[in-house]
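Participant: The structure's right below; bear with me while I get my questions together.
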Amino acid sequence: MDDLTPMQELTPEQVVARLEFGYDHACSALREALSRYARTGVGPTPAERRHFRYPRLDVTWRPTGAIRYTTRAWAKLQDPGVYSTTITQPAFFRGYLLEQLEPLVSEFGATLSVHVSDLEIPYPYVTEIGDEFVHGAVKVDDLARLFPTPRLSSVGDEVADGLWIFDPDKPRPLALFDAVRTDFSLKRLAHYTGTSWRTIQPWILLTNYQRYVDGFVRYALEELRRPGSRYVALHLPGGRLVTRDASAEVAAEIVAGAPWQSYQMPAYNLERDDGHGITIVNIGVGPSNAKNITDHLAVLRPNCWLMIGHCGGLRQSQVIGDYVLAHGYLRRDRILDDVLPPEVPVPALAEVQLALQEAAARVTGDRGDALKRRLRTGTVVTYDDRNWELRWSHERRRINLSRAIAVDMESGTLAAQGYRLRVPYGTLLCVSDKPLHGEIKLPGAATAFYQRAVGEHLAIGLETIDLLRGQLHSLHSRKLRAFDEPVFR
């Protein structure tokens, strides 16, 4: 692929087409070399390896008049110069790329160009199950010697964490994640969730209980059968798929055969005809899982992730089954302290908070004081220690000072990750026990609680997404943007 100079003034559509061409050319060259090596043992020459490179996208802005002002939080330019990033999977990200590029050209007069980067595509990022060079007598150490491999030195979150250093002789970052960081996470998503990253939807529910997933599957199957529904398919762990034309018996059989137990954080992806479907992921318990999955989901640039799970109520007035709408987080999870210190506030996002509260009112039928009796807004404590109660004498004062009303092990991490990675976030928890007041989950009571509460709680999460779909412009707001942000959302 030949470089295109900035003077050629490509349109956004032409740029994306060139990115697709360059990426496909590089992947084809790499796959052909891998296939040849598997057949003949002949590795690529240095000249051949020069074709195994990601395309690079440059945006050049040299304003000559007044700088355009926009209230939009993304796709805007503030400083003259060149902005650059490497691109992977441009066909998949086509809509996203056009959304970011079109305002830069039409509103700011920026110039776009595509080049071959210096960054090689690691060979695992072009392989799929069934490739002949993944199996057989080919040794991994030989492949690593002859072909580009993932290197930790080239994968990082320096841009997202504000660690990049401005150099007037180098381009500024155009996006939060470059190609190799994105590819790293795309492979991880398939590994952890059991579903193709291509099927993960832009509206994401995160939970810590499989019962919510079971309820989501029931909802999905009902939607697929409902006349006039915009949902078209349910993608299950292990590559299983339920489509609209499947009978109820066939759909149930497909769902029952999905090997979700084989994956650490199984995902279920309900696809919609307008691209605004919903994914639910059972992230399990703890802040490590919460950080892990959101590190990878973030490269897809989702519209929002919402935590719907269980918590311990910390106030005497709470009743098991009540809801907690988090408006603040006491982060005792510790997992992000080095990159996002605990003293940095993680704000509640008004658009998400209002949608969650309105959704709760619609689903429960309660308003005013009746809703306040069931839904309490306040601070949630997130711990990395499930047995934090054993350190009550140490934690009592902190909980009192924070005025916390609930405790869990994921919400603070998920909110902090949303803040850090610029993905809108929100938390609605359901009180499942009251550890400080002697109300614990005994087997019989727990079963009754789950049967009663999970369906309603899930319905609130789904209703919240319905409300937020029409608020994308305000949802992707300036609240999550720093003063020296990359151009892309």
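Participant: Cβ contacts < 9 Å: first residue within 18 Å of Val454 (Cα to Cα), restricted to the stretch 311-330; second residue β-branched (Val, Ile, Thr) and in a loop (DSSP other than H, G, I, E, B), any location; separation 6+ or different chain. Result?
Facilitator: Gly313/Val319; Gly313/Ile320
Participant: Restricting to the stretch 307-334, name every residue that is in contact with a Phe, Trp or Tyr (Cβ under 7 Å, 6 or more places away or on another chain), of a type outside the set (Gly, Ala, Ser) and not in a loop (DSSP other than H, G, I, E, B).
Facilitator: Once the filter is applied, which keeps residues that are in contact with a Phe, Trp or Tyr (Cβ under 7 Å, 6 or more places away or on another chain), of a type outside the set (Gly, Ala, Ser) and not in a loop (DSSP other than H, G, I, E, B), the stretch 307-334 yields Ile308, His310, Arg332.
Participant: Oh, and also: Of the residues that make up the stretch 86-109, is at least one part of a strand (DSSP E or B) and touching a Ser or Thr at 6+ places or on another chain (Cβ under 9 Å)?
Facilitator: The answer is yes; a qualifying residue exists.
Participant: Kindly list, by first and then second residue, each pair from a residue in the stretch 145-173 that is in contact (Cβ under 8 Å) with a residue 24 or more places away in the chain and within 16 Å of Val487 (Cβ to Cβ) to a residue that is among the aliphatic types (A, V, I, L, M) and part of a helix (DSSP H, G or I), limited to pairs with Cβ atoms under 6 Å and residues at least 6 apart or on different chains.
Facilitator: Ala160/Leu421
Participant: Have a look at Thr382, Thr377, Thr364 and point out the one that is in contact with a His (Cβ under 7 Å, 6 or more places away or on another chain), surrounded by 13 or more Cβ atoms within 10 Å (Cβ to Cβ) and assigned by TED's automatic domain parsing to the domain that holds Gly455.
Facilitator: Thr377
Participant: Okay, moving on. Quick one: is Leu112 surrounded by fewer than 18 Cβ atoms within 10 Å (Cβ to Cβ), in the same structural domain as Arg18 (by TED's automatic domain parsing) and aliphatic (A, V, I, L, M)?
Facilitator: no
Participant: Let me ask you something else. From the list Leu356, Leu349, pick out the single residue that is over 19 Å from Arg420 (Cβ atoms) and surrounded by 14 or more Cβ atoms within 10 Å (Cβ to Cβ).
Facilitator: Testing whether each residue is over 19 Å from Arg420 (Cβ atoms) and surrounded by 14 or more Cβ atoms within 10 Å (Cβ to Cβ) leaves just Leu356.
Participant: Here is a list of conditions, (1) surrounded by fewer than 17 Cβ atoms within 10 Å (Cβ to Cβ); (2) more than 21 Å from the chain's Cα centre (by Cα), and Ala258 meets all of them except one; can you say which number that is?
Facilitator: Among (1) surrounded by fewer than 17 Cβ atoms within 10 Å (Cβ to Cβ); (2) more than 21 Å from the chain's Cα centre (by Cα), the lone unmet condition for Ala258 is (1).
Participant: So which of Leu146, Leu174, Leu163, Leu206 ends up being at pLDDT 95 or above and not assigned by TED's automatic domain parsing to the domain that holds Trp260?
Facilitator: Leu174
Participant: Among the residues of the stretch 374-396, what is the count of those that are in contact with an Asp or Glu (Cβ under 8 Å, 6 or more places away or on another chain) and not hydroxyl-bearing (Ser, Thr, Tyr)?
Facilitator: Within the stretch 374-396, residues that are in contact with an Asp or Glu (Cβ under 8 Å, 6 or more places away or on another chain) and not hydroxyl-bearing (Ser, Thr, Tyr) number 8.
Participant: Somewhere in the stretch 125-148, is a residue of a type outside the set (D, E, K, R), over 24 Å from the mean Cα position of the chain (by Cα) and part of a strand (DSSP E or B)?
Facilitator: no
Participant: Can you pull out the residues in the stretch 215-268 that are within 29 Å of Val285 (Cβ to Cβ) and of a type in the set (S, T, N, Q)?
Facilitator: Gln261, Ser262, Gln264
Participant: Quick check, is Val339 closer than 19 Å to Val407 by Cβ and within 23 Å of the chain's Cα centre (by Cα)?
Facilitator: no
Participant: From the list Ala415, Ala359, which one is in a helix (DSSP H, G or I), assigned by TED's automatic domain parsing to the domain that holds Asn292, in contact (Cβ under 8 Å) with a residue 24 or more places away in the chain and touching a helix residue (DSSP H, G or I) at 6+ places or on another chain (Cβ under 8 Å)?
Facilitator: Among Ala415, Ala359, only Ala359 is in a helix (DSSP H, G or I), assigned by TED's automatic domain parsing to the domain that holds Asn292, in contact (Cβ under 8 Å) with a residue 24 or more places away in the chain and touching a helix residue (DSSP H, G or I) at 6+ places or on another chain (Cβ under 8 Å).
Participant: Follow-up question, since we're still on this one. Among the residues of the stretch 262-276, is any over 30 Å from Ala415 (Cα atoms), in the same structural domain as Leu468 (by TED's automatic domain parsing) and loosely packed, with under 15 Cβ neighbours inside 10 Å?
Facilitator: no
Participant: Related question: What's the number of the condition Leu340 fails, among (1) exposed (fewer than 12 other Cβ atoms within 10 Å of the Cβ); (2) not in a helix (DSSP H, G or I)?
Facilitator: Of (1) exposed (fewer than 12 other Cβ atoms within 10 Å of the Cβ); (2) not in a helix (DSSP H, G or I), only one is false for Leu340: (1).
Participant: Let me ask something else. Which residues, counting only those in the stretch 418-435, are in a helix (DSSP H, G or I) and either closer than 18 Å to Leu206 by Cβ or free of Cβ contacts under 8 Å to residues at least 24 places away in the same chain (or both)?
Facilitator: Gly418, Tyr419, Arg420, Leu421
Participant: Among the listed residues Arg198, Arg211, which satisfies the condition of being surrounded by fewer than 21 Cβ atoms within 10 Å (Cβ to Cβ) and within 24 Å of Glu456 (Cα to Cα)?
Facilitator: That would be Arg211, the only listed residue that is surrounded by fewer than 21 Cβ atoms within 10 Å (Cβ to Cβ) and within 24 Å of Glu456 (Cα to Cα).
Participant: Which one of Thr60, Thr64 is in the same structural domain as Pro90 (by TED's automatic domain parsing), more than 18 Å from Thr127 (Cα to Cα) and more than 33 Å from the chain's Cα centre (by Cα)?
Facilitator: On inspection, the qualifying residue turns out to be Thr64.
Participant: Going by what's in this entry, would Ser229 be described as surrounded by fewer than 16 Cβ atoms within 10 Å (Cβ to Cβ) and under 26 Å from Arg469 (Cα atoms)?
Facilitator: Taking the combined requirement at face value, the residue satisfies it.
Residue-by-condition table, conditions (1) modelled with pLDDT of 95 or more; (2) in contact with a Gly (Cβ under 9 Å, 6 or more places away or on another chain):
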residue: Asp2; (1), (2): no, no
residue: Thr5; (1), (2): no, no
residue: Gln8; (1), (2): no, no
residue: Gln14; (1), (2): yes, no
residue: Leu19; (1), (2): yes, no
residue: Ala26; (1), (2): yes, no
residue: Gly41; (1), (2): no, no
residue: Arg53; (1), (2): yes, yes
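The values are calculated or read from the model by the stated rules, or taken from the named source; none is laboratory data. Predicted, not measured: the structure shown is a model, and the values here were computed from it. In this analysis, Cβ positions are derived from the backbone assuming ideal geometry, glycine residues included, and neighbour counts consider all displayed protein chains.
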